[in-house]
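Comments concern the structure below.
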Amino acid sequence: MRTTDFDFFLPDDLIAQFPARERRGSRLLHLDGKTGTTKDHLFLDLPSLVRPGDLFIFNDTRVIKARLHGEKSSGGKVELLVERILGPFEALAHIRSSRSPKPGSLLRIAGAIEAEVTGRQDDLFQIRFLGTTPLLDLLEQYGALPLPPYITHAAEETDEERYQTVYAREPGAIAAPTAGLHFDADMLESLRTLGVNIAYVTLHVGAGTFQPVRVDDIHDHKMHSELYSVPQATVDLIQQTRTNGGTVTAVGTTALRALESAARNGTLAAGSGDTDIFITPGYRFQVVERLLTNFHLPKSTLMMLVSAFAGVEHIRHAYAHAVAERYRFFSYGDAMLLERCD
């Protein structure tokens, strides 16, 4: 298939720049992947669309304040975006500067942090932060929240709360698993009261989630790699749900990618590691029957994933409906509930 098969027209004013007033104050478009039928809901209607014994699986990654500003020893300005934390004092980072720093270069971040470029891995620079303060503490004190590139305002105090799920606990993401932003504590409690079980996986979302596909043939695209973990307790709940006839719902494409990565050998198994799984139409899903997700960027890998899940034509028509009905798009936008097409 061609990248242009996943393009669509989106008016700029439908790109949500701010979240809804309340987390569960968004709209919800329900798409049946078997029939292609759509139905408009409010996110508040979600409990009416589930049954006792169903299972919701959330990504509990926590967005870190990964954006740092500083200067090279020569005085040139640099901007760092920490992609992955490698240890208490080391990370892989994107660096923007007039000239790429070489290994051995020293950086001064936020006028207070000394760091050294120690190597390079493809487009990422390996950075060692000098001193005795752990990197996560430095980021919390000096870093800025890395909002998506299509959000035009700088991160504000409200973003630090709303661009983070209420159940976030494992620091390491530089982008939020945005389907989970719609859930507040009351919604989670409502699901539990109905007899819906809740489980977690972790996938630390990287900057690659925003990268457009720049090749014509989608199979020529090189997928970015992210760190994931699927605990045994989640595997056990999935097996229990299947045995009892319940439905498994992944909350977000990142949760789905973690689960499918853990089932790559044909059997779902607990574990952790790197995944560069690239899900395109024709992929056979092994773990979940439903996907709760936001609306995605044109020609993106996530647009390809949801097309694989609910059907290319079904997604195309659903997105056209969403544009016509003026749904709000992307990270701070509205949600979709997809039923798998096969």
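The values are calculated or read from the model by the stated rules, or taken from the named source; none is laboratory data. Keep in mind that this is a model prediction, so the values were computed, not measured. Cβ: placed from backbone, ideal geometry, glycine included. Neighbour counts: every protein chain shown.
Quick rundown of the values:
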| quantity | calculated |
| --- | --- |
| Some residue of the range 180-190 being assigned to a loop (DSSP other than H, G, I, E, B) and either surrounded by fewer than 17 Cβ atoms within 10 Å (Cβ to Cβ) or among the hydroxyl-bearing types (S, T, Y) (or both) | yes |
| Considering residues of the range 188-201 that are in contact with a helix residue (DSSP H, G or I) (Cβ under 7 Å, 6 or more places away or on another chain) and among the hydroxyl-bearing types (S, T, Y) only, the residue farthest from K65 (Cα to Cα) | S190 |
| Residue match in the range 267-286 (condition: crowded, with 20+ Cβ neighbours inside 10 Å, assigned by TED's automatic domain parsing to the domain that holds Y332 and among the charged types (D, E, K, R)) | no |
| Among the candidates R316, R326, R264, residue that is assigned to a loop (DSSP other than H, G, I, E, B), touching a residue at least 60 places away in the same chain (Cβ under 8 Å), surrounded by fewer than 23 Cβ atoms within 10 Å (Cβ to Cβ) and of a type in the set (D, E, K, R) | R326 |
| Which listed residue, of G311, G333, is at pLDDT 95 or above and touching a Cys at 6+ places or on another chain (Cβ under 6 Å) | G311 |
| In the range 109-138, the residues that are closer than 24 Å to G75 by Cβ and either outside the structural domain of H94 (by TED's automatic domain parsing) or in a loop (DSSP other than H, G, I, E, B) (or both) | A110, G111, A112, L130, G131 |
